[in-house]
Amino acid sequence: MGLGVVFMNLPPILPSLKTIYGVSNARIAFLVTSLIMAHGAVQIPAGLFTDRVGVRKTLIISLFLVFVSSLLCVFNTKYEFVLVMRILSGIGSGFAFGSGIKYATLFARESHRGVVQGIFGGSFSIGAIFPFFLMPALIEIDWKLIYLGTSLFFVIPITLLVGWGEEVKPSSVITLTDLKSVFSSQAVWILGTLHAIFFGGVITLGTWFSTFAIHASQMESLRVIGAWGALVMFVSGLARVMGGFFLRRLSAIKIIRYSFLVLLFSYFFLAFSNHFGYRLLFFGLAIYMSSVTFGPIFLLSFIVSGSELAATGFGIVNFIANMGSLFFPILFGYLIDLTGTYEVPFLFLGGLVMMGMFLTFLLKEYTK
């Protein structure tokens, strides 16, 4: 949840921060994207580091880095300094995500691993909702409290890990030869591509929700649309949790395929329907189906990579997914500018889904 908070602590108050720092829209937006880019860029080295050093040690170091880099922004308010700290927070969150999900997976019973991974992913999404309600209130008191409030989210997990956390070290020294099996695994790269389609879709839909809602409903109240947007993201977090529980009944590959089928129908409906109420419903359904696969994908990644090299596998999968979350929203917006409608952008997402459906059939040994 803390990682979700640090991801979204600035977007709800960007207009106010722009005035406080006295910078352009592009420069203030870069405070947000710098963290996301750093988070995505370190996924693979974070996985390698976690597998070689140990999950508890990596997790403590990474969370402490986010804590300190957020806290220091309270004392040094220069834009350039805050930008550097945001990059450090992104590095910390990138290392914390991979080590955190491996930590959760290793300490769960085999039959509960998918559930635990779903809860972990869902907590991240639900944590991202808090800033929409908390940060506007804090900035009215003192704008520095947004950074103090962010840092305080990490005190509890750091304390728990230092006091009660357990370490799981590799049974032997991991060599480059050992890592080759993960990097050369076709299944890991396919799972990363599938996660990019799902996660990139969630970020794209979340990014363009307000604009789409205004276009489709002709409503200009950002407060009402913002509440709908928070609800949509809550659906994403809930779906991630539920996806883990679905693994008790269905195989991971079946959940992924069923999700693709419903997602494809949702995108085509969004492309061609003109009824705002139905479009809002299918927008939420698309968010849900794109999020419910989080647990199944990471469970398959754990199985493919093995427990010793799980973090490296998670890093590859998440790195590819983060590339999707960076580029798909840009392509979606470019297609809106190019066509002046939302039909082609949603059909573009539908095309990605069809590609993903084809890739699932290359995971033959996991289709039973």
What are the pairs, 6+ residues apart or on separate chains, where a residue within segment 77-93 that is modelled with pLDDT under 90 has its Cβ under 6 Å from a residue that is of a type in the set (Ser, Thr, Tyr)?
Tyr79/Tyr21
Please specify each residue of segment 327-368 satisfying the condition of being touching a residue at least 40 places away in the same chain (Cβ under 8 Å) and part of a loop (DSSP other than H, G, I, E, B).
Tyr342, Leu362, Leu363, Thr367, Lys368
Could you check, for segment 286-308, whether at least one of its residues is in contact with a Phe, Trp or Tyr (Cβ under 7 Å, 6 or more places away or on another chain) and farther than 30 Å from Arg109 by Cα?
yes
Looking at segment 37-52, I want the residues that are outside any helix (DSSP H, G or I) and have a partner that is among the aromatic types (Phe, Trp, Tyr) with Cβ atoms under 8 Å, at least 6 apart or on another chain. Which pairs are those?
Val42/Phe95
Single residue of segment 113-137 satisfying the filter (part of a helix (DSSP H, G or I) and of a type in the set (A, V, I, L, M)) that is nearest to the chain's Cα centre (by Cα):
Ile126
Apart from one, (1) modelled with pLDDT of 85 or more; (2) in contact with a helix residue (DSSP H, G or I) (Cβ under 7 Å, 6 or more places away or on another chain) all hold for Leu326; the odd one out is (1)
Looking at Phe358, Phe346, can you tell me which residue is surrounded by 13 or more Cβ atoms within 10 Å (Cβ to Cβ), assigned by TED's automatic domain parsing to the domain that holds Arg240 and farther than 23 Å from Arg113 by Cα?
Phe346
Reported set for segment 243-298 where residues are modelled with pLDDT of 85 or more, closer than 19 Å to Glu343 by Cα and touching a Lys or Arg at 6+ places or on another chain (Cβ under 7 Å) is Leu270
Test each condition in (1) assigned to a helix (DSSP H, G or I); (2) among the hydroxyl-bearing types (Ser, Thr, Tyr); (3) surrounded by fewer than 19 Cβ atoms within 10 Å (Cβ to Cβ) for Ser307 and report the one that comes out false.
(1)
Just name the residue that is farthest from Ser236 (Cα to Cα) out of those in segment 1-34 that are without any contact (Cβ under 8 Å) to a residue 60 or more places away in the chain and aliphatic (A, V, I, L, M).
Val23
Condition check: touching a Gly at 6+ places or on another chain (Cβ under 8 Å), hydrophobic (A, V, I, L, M, F, W, C) and in a helix (DSSP H, G or I). Does Val32 satisfy that?
no
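Yes or no, residue by residue, for (1) closer than 24 Å to Met233 by Cα; (2) over 15 Å from the mean Cα position of the chain (by Cα):
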{"residue": "Gly284", "(1), (2)": "yes, yes"}
{"residue": "Ile287", "(1), (2)": "yes, no"}
{"residue": "Phe298", "(1), (2)": "yes, no"}
{"residue": "Thr312", "(1), (2)": "no, yes"}
{"residue": "Asn322", "(1), (2)": "yes, no"}
{"residue": "Thr339", "(1), (2)": "no, yes"}
{"residue": "Val344", "(1), (2)": "yes, yes"}
{"residue": "Met357", "(1), (2)": "no, yes"}
Among the residues of segment 138-150, which ones are among the hydrophobic types (A, V, I, L, M, F, W, C) and either under 25 Å from the mean Cα position of the chain (by Cα) or surrounded by 11 or more Cβ atoms within 10 Å (Cβ to Cβ) (or both)?
Leu138, Ile139, Trp143, Leu145, Ile146, Leu148
On the given criteria, is Leu270 closer than 20 Å to Val235 by Cα and either surrounded by 24 or more Cβ atoms within 10 Å (Cβ to Cβ) or free of Cβ contacts under 8 Å to residues at least 40 places away in the same chain (or both)?
yes
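Residues are listed down the side, and each one gets a yes or a no for (1) farther than 23 Å from Thr150 by Cβ; (2) in contact with a strand residue (DSSP E or B) (Cβ under 7 Å, 6 or more places away or on another chain); (3) among the aliphatic types (A, V, I, L, M):
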| residue | (1), (2), (3) |
| --- | --- |
| Thr19 | no, no, no |
| Arg52 | yes, no, no |
| Leu59 | no, no, yes |
| Val66 | no, no, yes |
| Lys102 | yes, no, no |
| Leu106 | yes, no, yes |
| His112 | yes, no, no |
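The values are calculated or read from the model by the stated rules, or taken from the named source; none is laboratory data. Everything numeric here is computed off the predicted structure, so don't read it as measured data. No Cβ is skipped: glycine too gets one built from the backbone with ideal geometry, and neighbour counts run over all protein chains shown.
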